[in-house]
Amino acid sequence: MTMLSYSLKVKTALPWTRLCYSGRRCMAHVANIAADDIPTGDDQPFKVSIAEDSYETYNLEPPPYTLETTKRQLKQLYHDMFTIRRMELAADRFYKEGKIRGFCHLSIGQEAVTVGIEHGISREDKLITAYRSHGTTLMRGATVKSILGELLGRQEGISHGRGGSIHMFRENFFGGNGIVGAHVPVGAGIAFAQQYHGNRDTVTVDIFGDGAANQGQVHEAFNMAKLWNLPIIFCCENNKYGMGTSVERSSAMTEYYKRGQYLPGLRINGMDVLAVLAAMRYGKEFVQAGNGPLLYEYQTYRFAGHSVSDPGTTYRSREEIQAERRHDPLSVLQEQLAEWGVLSKEEVKAIEKDVRSKVDREAEEANHMPVPEPRLDVLFRDIYVPGSEPLQRRGRTIDETYY
Ligand SMILES: Cc1ncc(C[n+]2csc(CCOP(=O)(O)OP(=O)(O)O)c2C)c(N)n1
Ligand SMILES: [Mg+2]
């Protein structure tokens with residue numbers, strides 16, 4: 001098996017903070033790797049360079065600027081990001097056709113964060129996130145059909161149609177949470193349970209938004225996690241807005257990766273899936289080695305509105321959106337793969353065609369799933385373990401409750 005190695009980017013002796021990051025997301029620089037350096041087989045490992053402006057650190061050595069990967073994995077990364085994109089577009093269409101009720105938060109533009117994180121951990125690691133969670137649910141092993149079915153309120157949806165956009169779960173995936181910031185301490189609790197049970201093989205990944213970062217309970221979670229040396233990576237997904245409020249208008253300090261003060265931090269170009277993946281691998285090793293929690297910040301952008309009912313154009317300019325679209329994570333990876341000779345334009349088209357037809361087929365299947373029976377007992381099924389239902393709801397006994 002040919003193992004090719006490329007020169008590592010020079011690691012400068014680090015002061016507290018490395019200032020190589022330009023301060024804004026930028027198109028990852030395509031590394032100079034000759035096409036014949038890439039092995040022919042899909043499973044032969046080789047190393048690719050990570051753009052040197054991908055990271056900014058706080059009390060932390062940066063991750064290595066090379067990533068060991070395989071052709072198969074690189075193709076899979078593109079496949080996964082494109083699947084999320086198509087699934088979100090299908091959800092958007094269903095919503096606009098009036099088939100999805102309530103909230104529907106899409107993560108179009110943020111796919112590199114979701115996919116890079118999952119490829120940097122294992123399915124046994126724990127993960128918890130906020131409400132922008134369709135892509136995460138998919139990456140944790142759910143099917144497109146079960147997610148879209150959930151959005152459509154169907155019995156065969158992943159939460160049997162009772163959870164909707166926000167409340168989806170899988171093994172080792174603790175949702176999908178609607179209260180901004182409130183799941184961050186829950187993540188610390190999950191990490192505590194891992195430590196308490198002596199589980200040293202896994203870590204907890206706790207994802208929240210820039211808006212959530214201003215919640216007091218987030219800082220309480222940081223404190224307890226550091227105090228108890230919990231195996232957790234706090235991941236702030238900075239998409240520049242909390243609903244219609246920009247980070248500049250909401251946050252006294254927008255360097256979210258430094259906000260843990262006593263937590264080492266890393267700011268990552270969240271439009272480059274390879275940088276996200278390399279950082280997550282590195283973070284997992286760091287935490288597992290007993291070094292305590294980390295605080296990561298992904299600089300990304302949501303191309304659509306806060307939720308499907310928000311056009312997303314009243315609080316930001318079209319020019320800004322267009323400029324951000326030039327850093328579309330799909331194009332960034334596509335360009336890298338073409339340059340390295342891993343994936344030609346034709347191969348990309350073939351993956352896209354395949355994904356498109358698979359997502360369309362599953363969307364259609366979801367659309368034809370039966371709706372739950374319109375009975376009250378059905379509405380409350382799967383909420384409590386049978387026999388453990390409380391006798392009172394909101395201070396009233398059940399027979400006093402009217403719907
Ligand atoms: C405690 C609480 N306050 C307010 C809201 C209403 N709300 C829903 S999403 C949101 C913005 C959060 O922004 P951010 O954390 O940046 O996440 P993003 O939507 O950008 O992914 C707000 C204020 C809420 N759900 N919970
Ligand atoms: Mg945000």
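Just so it is clear, none of the values below were taken in a lab; they were calculated from the coordinates. What you see is a predicted model; the values in this text were computed from it and never measured. Quick reminder, even Gly has a Cβ in these numbers, built from the backbone with ideal geometry, and neighbours come from all protein chains shown.
Here are some notes:
- Within the range 313-336, the set of residues being among the acidic types (D, E) and either touching a residue at least 12 places away in the same chain (Cβ under 8 Å) or in contact with a strand residue (DSSP E or B) (Cβ under 8 Å, 6 or more places away or on another chain) (or both) comprises E324, D328, E335.
- Among the residues of the range 106-125, those identified as of a type outside the set (D, E) and either surrounded by 24 or more Cβ atoms within 10 Å (Cβ to Cβ) or under 14 Å from L89 (Cβ atoms) (or both) are L106, S107, I108, G109, Q110, A112, V113, T114, V115, G116, I117.
- The range 354-403, residues that are surrounded by 13 or more Cβ atoms within 10 Å (Cβ to Cβ) and under 30 Å from H79 (Cβ atoms): D354, V355, R356, K358, V359, D360, E362, A363, E365, A366, N367, M369
- Residues (part of a loop (DSSP other than H, G, I, E, B), basic (K, R) and within 16 Å of the chain's Cα centre (by Cα)) located in the range 255-271: none
- Test: S133 is small (G, A, S) and under 22 Å from P370 (Cα atoms): no
- When every residue of the range 126-149 is checked against the conditions, at least one turns out to be within 16 Å of ligand 1 (Cβ to nearest atom), of a type in the set (D, E, K, R) and buried (at least 20 other Cβ atoms within 10 Å of the Cβ).
- Looking across the range 258-310, the residues that are away from ligand 2 (no atom under 16 Å from the Cβ) and charged (D, E, K, R) come down to K258, D272, R281, K284, E285.
- Close Cβ contacts (under 6 Å, 6 or more residues apart or on different chains) running from residues in the range 234-249 that are farther than 7 Å from D210 by Cα and more than 6 Å from ligand 1 (Cβ to nearest atom) to residues that are of a type outside the set (V, I, T) and part of a strand (DSSP E or B) comprise F234/D206; F234/L295; C235/Y296.
- Restricting the range 188-219 to residues that are touching a residue at least 60 places away in the same chain (Cβ under 8 Å) and under 16 Å from the mean Cα position of the chain (by Cα), the residue that is farthest from ligand 1 (Cβ to nearest atom): V203
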